[in-house]
1. Here are some residues: LEU326, LEU289, LEU276. Which one is of a type in the set (A, V, I, L, M) and assigned to a helix (DSSP H, G or I)?
2. Among GLU308, GLU281, GLU273, which is the only one that is modelled with pLDDT of 95 or more, charged (D, E, K, R) and within 26 Å of VAL158 (Cβ to Cβ)?
3. With the range 1-77 as the region, which helices (runs of 4 or more DSSP H) entirely inside it contain at least 1 residues that are in contact with a Ser or Thr (Cβ under 9 Å, 6 or more places away or on another chain) and surrounded by fewer than 19 Cβ atoms within 10 Å (Cβ to Cβ)?
4. Just give me the residues in the range 203-238 being within 15 Å of ILE171 (Cα to Cα), in contact with a strand residue (DSSP E or B) (Cβ under 7 Å, 6 or more places away or on another chain) and part of a loop (DSSP other than H, G, I, E, B), in sequence order.
5. Are there strands (runs of 3 or more DSSP E) fully within the range 90-178 with at least 1 residues that are more than 27 Å from GLU245 (Cβ to Cβ), polar (S, T, N, Q) and open to solvent by 20 Å² or more (accessible area, probe 1.4 Å)? List them.
6. Given the criteria closer than 28 Å to LEU396 by Cα and modelled with pLDDT of 95 or more, does GLY299 qualify?
7. Could you grab the pairs with beta carbons closer than 7 Å, sequence gap of 6+ or different chains, first residue in the range 163-179 and under 21 Å from PRO105 (Cβ atoms), second one aromatic (Phe, Trp, Tyr) and in a helix (DSSP H, G or I)?
8. Kindly evaluate GLU317 against the criterion of being within 21 Å of SER282 (Cβ to Cβ) and without any contact (Cβ under 8 Å) to a residue 24 or more places away in the chain.
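The values are calculated or read from the model by the stated rules, or taken from the named source; none is laboratory data. Just so it is clear, the structure is predicted and the values come from calculations on it, not from any experiment. Ideal geometry is used to build each Cβ from the backbone, glycine not excepted, and the neighbour counts take in all protein chains shown. Quick note on the areas: whole protein, heavy atoms, side chains included, nothing else; ligands and nucleic acids left out. Shrake-Rupley method; radii C 1.70, N 1.55, O 1.52, S 1.80 Å.
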Amino acid sequence: MHPAHIDALARDLATASLTGEGIRALVGADAEAALGRTVAAPARRAALRSPGARSTLLRALVLGDPVPTDELTDALPSLGVDGAVALGLVALDGDTARPLVAIRPHAYRDALGAGEWWIASDLDELAGIAPLRPDHVLGVGGAARTLASLLPPADAPVDVALDLGTGCGVIALHLRRFADRVIATDVSERALRFAELNARLNGVDGIETRLGSLFEPVAGERFDLIASNPPFVITPREPGVPAFEYRDGGRTGDALMAEVVAGLAEHLTAAGEARLLGNWESVGGADGLDRAGAWAGDGLDAWAIERESLDPVRYAELWLRDGGTLPRDDDFPRLAGAWLDDFEARGVTAIGLGWIAARPTAGRAPLRRLERVGQPVALEHVGAHLRAALDDAAWLATVDDDALRETVLVASPDVTEARHQLPGAGGPNVIELRQGGGLGRSLSVDTALAALVGASDGDLPIGTLLAAIAGLLEVDEAVLAADVLPRVRELVQTGFLRRLP
């Protein structure tokens, strides 16, 4: 690493305005949107029509196109071509500079505000690279964006955070927004070099990188927050099947995920939290989501959220495509067969993809929440929702029904009600509560629960509302309470109802 060279590179990128806004101004909104879909041609076409430093850097560092050396010299006045070679950004082939890495802007927004980083990574499909190299280091993809959205709100500072399997280091940058110190680990030394480059390139200090597998580099240490997009992809342990470092942890099946989740308890502080992405297998008669919930043991609250479930064929196709092998390629049948043989031999019938949130139980009975959430979710709301839900679950564990009756609740401002009835009917056949934030849930409720939510405006306790509703419906209050209070608990934990501050 050459700190002076990295600082010079940052100056040149800023001078050329190689930012999201700058790229959009250069190529247009449609071409910029196409880049997000891994379609480079419109941006390349527009860039070639508008020569200059920004165009040259877009072609070289975003699209991965070779550019004339003299053009790159003009585009990097502070770093120079020799500095770019020294940093490993390009290789020179006569009068042409051939890019070796990508550097792309990544915009973010959290509770502390909005900003943008430059993220360096390996060249990928956008640059026409396929198949990927085994030690490929990913840039910012959908998984990284999702994990960043799962983090607790950045307005709640912590002392030390762990980015387990940091890759290019973008999650470490997110964590450093609200952690005094971040430890970023990876089994790939090459990934750690990218993480260090990206921290320096964006002027971010306080991130320490450590080489090693899973929790080995942090043995005996505890953290206020652990975030991980571990190499969870299930890969056949067969000769000739590519094992990419960024996604394959070298274990059979979902054993790596089980190992990560089981290790959380001894590495979280008493008030610590963890957010993970992962996969889990349904094996024989054992449901994968149930298996994921059991990995945490007795010392952790665990909330496993399954966003999608794939059959073995679709799972194999997904990750073969991810590695650059398409169904039309000669090697596809052999590799797909290896995946399907592995799943069949181990009795795997489905693979779940999703999220896990966890925290220590503080000595009480652990929360086990297992949920399938297939509907679209506004990711910007998820991090705050997960923290609030875990807080509410801990509170509910200490509150009996008598105390709940004395509690004043308020309907969340994102909750709406929809009523459906057949033509000519005297009342609604279906009443739905819909959540605009959180996990975007919709719940069918009866008249009593809809009335309670509608009346929960922060003025009266639940018990008083139940008494009034029982009178209006002409039902026994005790019977109504026995039916409604468990559902009130669920509405609190899922964010339809909130406790007052």
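1. Numbers: LEU326 fails: assigned to a helix (DSSP H, G or I); LEU276 fails: assigned to a helix (DSSP H, G or I).
Of LEU326, LEU289, LEU276, the one residue that is of a type in the set (A, V, I, L, M) and assigned to a helix (DSSP H, G or I) is LEU289.
2. GLU273
3. Values: elements: 3-15, 20-27, 29-36, 41-49, 53-57, 69-75.
Hits in the range 1-77: 3-15, 20-27, 41-49, 69-75.
4. Across the range 203-238, the qualifying residues are GLY206, ASN229, PRO230, PRO231.
5. Numbers: elements: 90-93, 96-99, 101-110, 113-122, 158-164.
Hits in the range 90-178: 96-99.
6. Details: closer than 28 Å to LEU396 by Cα: yes; modelled with pLDDT of 95 or more: no.
No, not satisfied.
7. CYS168/PHE194; GLY169/PHE194
8. Working: within 21 Å of SER282 (Cβ to Cβ): yes; without any contact (Cβ under 8 Å) to a residue 24 or more places away in the chain: yes.
Judged against the criteria, GLU317 is a match.
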